[in-house]
Amino acid sequence: MTEQPKYSPGLQRRIDIGKQIMAERAQRMRIARKWKFDTIAVHGLYHVQEAIENNQGSVIEPCYLSASQAYRDADEMEAGLAYLIPNWCYSRIANPTIYYLEWALALMEGYGCEVETSCCATASGMSAIALVADAFLIKKRKGEYESINFVSTANIYGGTFQQWSVRKMRERDIEVRWIKDPTDLDEWASKIDKNTRFLYGEAPSNPGLAFFDIKAVADLAHAHRLPLIVDTTIATPALLRPIQYGADIVIHSATKIMTASGFGISGAVISRKNIVSDILEDEARADFATWFKFWPFRDHGPSLSPFAALMLLSENRTLRSRTDLFCRNNMTVAEYLSTHPKIERVDYLGLPDHPLHDLAKKYMILVDSEDDYGKPVNRYGYLMSFRVKGGRNATRKMFDNLKLVIRATDLGRIKTVATIPAISTHSQQGEEARAMADIPQNQVRLSVGGEHPADIIADLEQALAAI
């Protein structure tokens, strides 16, 4: 008896065309991986042939504002909706402009290592964090009750703290096991048991600039068959690419220095191929970010605006040089504040006397800096925090007297921005949680931008003179 073909001739023809497109794209990826970081940031996978054949010769990636895709026939629609061919279907799931962004981010985050990467762009960094965590916080078997937990550093962004402590722990009874000293590998190990689903940390953290040994924690996680998820929003791939050191998944709030203009909200999930996890199915482990995009992300719908994707895609082309500038400016300001008589303490990883300076020096290196400076050069980020002598009232008075520096909860901007975390980004944590994360009332978070550092220093000087 003759075996019936799996697909109709028309459907099979569409699938064969799709395979050819995917093979060509894979070849483009292989070519792009050999480029320098700046070339990847400028071009991504958008090339001359793509421009001429698919986009009427547009030199820059077009912004596809359409909500949905039209299909040639029923066979193409069937193949597309079954994910048998490359397509985008509906902008809640995918979009051509967003694809261009995702390919570029995947290449940037995988730069410098032999690991293949993929990306899913999201509407915000918080949507990326929430849904990535949920992908692992599932029961192993239907009907089985488990006391599920995960391990996280306590020094994290206030929104992430709320996501963990309220949305996961209080509302869903999922235990968060906090790491108070992320440099203590024994503390990490002590929190892991058979019901632990993943390890999570920020490097550097917002606002305290905590750090941890990414490779050591990744090795520990993998020894327990667990994935390591790292938020490197503050570093960006221009300074740190955790996948290079064994991390499985990287999360960004791409709203920050990646979109330094402040014109868009966006997030990103980048994963290595073949992540470590005993919870997920084979398809999800093999290519987590792609699986995440086509299934959990599709069903929850935190889709990124194509216009926001275009803004991010455009600004990312100069990420390396912009990061270098902001970091150099920040170092100058940190050195000034570190000797000021009205400053109690400065937390900036670039200062040699910072307790985490040597650890950060191991990881935070400006990508391709040897091309500009003749050797690899450390850069320690655009974010710092400092503590004002005199407590809460003196801190608020200094803060209120800023004239050039903008008072806002934002960071990573072309303009220098300051906030008091205890009354803004971390206000909802409560005193006990803020104490655990070391966020006092006299702490000011400063995100240094592109202004001349002398003008930033002058503004800080006059504000401090008011107290």
Identify all residues within the range 105-143 that are farther than 22 Å from G301 by Cα, at pLDDT 95 or above and among the small types (G, A, S); write none if there are none.
G110
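Do you know which residues across the range 71-86 are assigned to a loop (DSSP other than H, G, I, E, B) and free of Cβ contacts under 8 Å to residues at least 60 places away in the same chain?
Start the filter on the range 71-86 by keeping residues that are assigned to a loop (DSSP other than H, G, I, E, B), which leaves 71-73, 82-86.
Residues satisfying the conditions are Y71, R72, A82.
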Per the filter on the range 393-441, residues assigned to a strand (DSSP E or B), surrounded by 15 or more Cβ atoms within 10 Å (Cβ to Cβ) and in contact with a helix residue (DSSP H, G or I) (Cβ under 9 Å, 6 or more places away or on another chain) are A418, T419
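Would you check which residues across the range 232-246 are crowded, with 24+ Cβ neighbours inside 10 Å and either acidic (D, E) or in contact (Cβ under 8 Å) with a residue 40 or more places away in the chain (or both) and list them?
The initial filter retains those residues of the range 232-246 that are crowded, with 24+ Cβ neighbours inside 10 Å, namely 232-243.
Hits for the range 232-246 are T233, I234, A235, T236, P237, A238, L239, L240, R241, I243.
Within the range 163-181, track down each residue that is under 16 Å from D134 (Cβ atoms) and out of contact with any helix residue (DSSP H, G or I) (no Cβ under 6 Å at 6 or more places or on another chain).
Here is the first cut: in the range 163-181, the residues under 16 Å from D134 (Cβ atoms) are 163-176.
Listed by number, the residues that qualify are W164, S165, V166, R167, K168, M169, R170, E171, R172, D173, E175.
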Please verify whether A334 is within 17 Å of the chain's Cα centre (by Cα), modelled with pLDDT of 95 or more and assigned to a helix (DSSP H, G or I), treating the condition exactly as stated.
no
Could you please let me know if T290 is over 22 Å from the mean Cα position of the chain (by Cα) and farther than 23 Å from A203 by Cβ?
no
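Could you go through the range 10-21 and let me know if any residue there is of a type in the set (K, R), under 28 Å from the mean Cα position of the chain (by Cα) and at pLDDT 95 or above. Outline the logic, then answer.
Initial filter on the range 10-21 (of a type in the set (K, R)): 13-14, 19.
Next cut, under 28 Å from the mean Cα position of the chain (by Cα) only: none.
No: the range 10-21 contains no residue that is of a type in the set (K, R), under 28 Å from the mean Cα position of the chain (by Cα) and at pLDDT 95 or above.
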So which residues in the range 392-418 are hydroxyl-bearing (S, T, Y) and in contact (Cβ under 8 Å) with a residue 40 or more places away in the chain?
T395, T416
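Do you know which residues across the range 184-211 are in contact (Cβ under 8 Å) with a residue 60 or more places away in the chain and not aliphatic (A, V, I, L, M)? Please lay out each step first, then the result.
Residues of the range 184-211 that are in contact (Cβ under 8 Å) with a residue 60 or more places away in the chain, as a first pass: 197-198, 200, 203-204, 206-211.
Within the range 184-211, R197, F198, Y200, P204, N206, P207, G208, F211 meet the criteria.
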The condition from (1) over 24 Å from the mean Cα position of the chain (by Cα); (2) in contact (Cβ under 8 Å) with a residue 24 or more places away in the chain that R445 misses is numbered (1)
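Provide a single number: the residues in the range 149-169 that are in contact with a Lys or Arg (Cβ under 6 Å, 6 or more places away or on another chain) and at pLDDT below 95. Give the steps one after another, and end with the answer.
Narrowing the range 149-169 to residues in contact with a Lys or Arg (Cβ under 6 Å, 6 or more places away or on another chain): 149-151, 154.
Remaining after also requiring at pLDDT below 95: 154.
Of the residues in that region, 1 qualify.
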Being buried (at least 16 other Cβ atoms within 10 Å of the Cβ) and either out of contact with any Asp or Glu (no Cβ under 6 Å at 6 or more places or on another chain) or polar (S, T, N, Q) (or both) is the requirement here; does G80 meet it?
yes
Residue list for the range 325-353, restricted to those being of a type in the set (D, E) and buried (at least 21 other Cβ atoms within 10 Å of the Cβ):
D347
Kindly indicate whether L349 is touching a residue at least 60 places away in the same chain (Cβ under 8 Å) and either aromatic (F, W, Y) or farther than 22 Å from V388 by Cα (or both).
no
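Regarding the range 190-202, can at least one residue be identified that is at pLDDT below 95 and either under 19 Å from L226 (Cα atoms) or surrounded by fewer than 16 Cβ atoms within 10 Å (Cβ to Cβ) (or both)? Even if it seems obvious, please write down each step before you answer.
Let us first name the residues in the range 190-202 that are at pLDDT below 95, namely 194-195.
Subsequent filtering for residues that are either under 19 Å from L226 (Cα atoms) or surrounded by fewer than 16 Cβ atoms within 10 Å (Cβ to Cβ) (or both) retains 194-195.
Yes, that holds for at least one residue.
The values are calculated or read from the model by the stated rules, or taken from the named source; none is laboratory data. Bear in mind the structure is a predicted one, so any value in this text is a computation, not a measurement. Heads up, the Cβs are rebuilt from the backbone with ideal geometry, glycines too, and the neighbour counts pull from every protein chain shown.
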